[in-house]
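The values are calculated or read from the model by the stated rules, or taken from the named source; none is laboratory data. In this text, all values refer to a predicted model and were calculated from it rather than measured experimentally. Here the Cβ positions follow ideal geometry from the backbone for every residue, glycine too, while neighbour counts run over all protein chains shown. Surface areas here come from the heavy atoms of the whole protein model, side chains and all, with no ligands, DNA or RNA. Shrake-Rupley method; radii C 1.70, N 1.55, O 1.52, S 1.80 Å.
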Amino acid sequence: MARLIRASLLMAGLLILSGCASSHKEDKPEGNQEIMTLQSEAEQAYKMARLDQAESLYLQVLTSVPNYAPAWFRLGNIYTRTGRHDAAIAAYMRCLELEPANQKAWYNMSLVRIKQSTQVLSSAARQGDQNTPVGRQIQALLHALNTIQSETHKPTMKNLPSEQAAR
């Protein structure tokens, strides 16, 4: 009799667990749809330059899908545009961990690093004597970085790859 009761309890437990497992699977598509909706809203906010809203939405997406490289890339762009360079670097690095061949992330991260270097050199130039050998090197490098930055914002034929320039 005790065996029959234990067997019945075991069967009831298994039925309950299988019911829980199947009901969980039904909720998943709803969750995926919610994430897709969040992603779409985030992208729309980003395109409309509502960066605070886009940031919040991308962070919500990443809460559910932490390995979603496009969201990390967009966060890097948002952080760059809002002057949070260290956060931008961290976001681009996470994107690149997930997608090492993402050339846009590499390029954007390099631009942020150039901005950071320019800020460091500007501070250095204000602190020391510009007429020393190091002072002149700082000024020369600062000038070169400023030139690079101004050229990256101007689309010219020389900035395009040779096959695009031919078109």
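Key figures for this structure:
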read-out	value
Enumeration of residues in segment 38-62 that are open to solvent by less than 70 Å² (accessible area, probe 1.4 Å) and of a type outside the set (A, V, I, L, M)	Gln39, Glu43, Tyr46, Glu55, Ser56, Tyr58
Leading residue by the ranking (surrounded by the fewest Cβ atoms within 10 Å (Cβ to Cβ)) among those in segment 63-74 that are of a type in the set (A, V, I, L, M) and farther than 14 Å from Glu41 by Cβ	Val65
Positions within segment 82-107 being more than 16 Å from Pro70 (Cβ to Cβ) and loosely packed, with under 13 Cβ neighbours inside 10 Å, in sequence order	Gly83, Asp86
Test for Arg3: is it of a type in the set (D, E, K, R), modelled with pLDDT of 95 or more and open to solvent by 40 Å² or more (accessible area, probe 1.4 Å)	no
Ser23 being at pLDDT below 95, open to solvent by less than 60 Å² (accessible area, probe 1.4 Å) and either touching a Cys at 6+ places or on another chain (Cβ under 8 Å) or polar (S, T, N, Q) (or both)	yes
Residue in segment 150-166 that is modelled with the lowest pLDDT, counting only those that are open to solvent by less than 80 Å² (accessible area, probe 1.4 Å) and of a type in the set (A, V, I, L, M)	Ala165
Of all residues in segment 113-149 being open to solvent by 50 Å² or more (accessible area, probe 1.4 Å) and under 25 Å from the mean Cα position of the chain (by Cα), the one that is modelled with the lowest pLDDT	Ile148
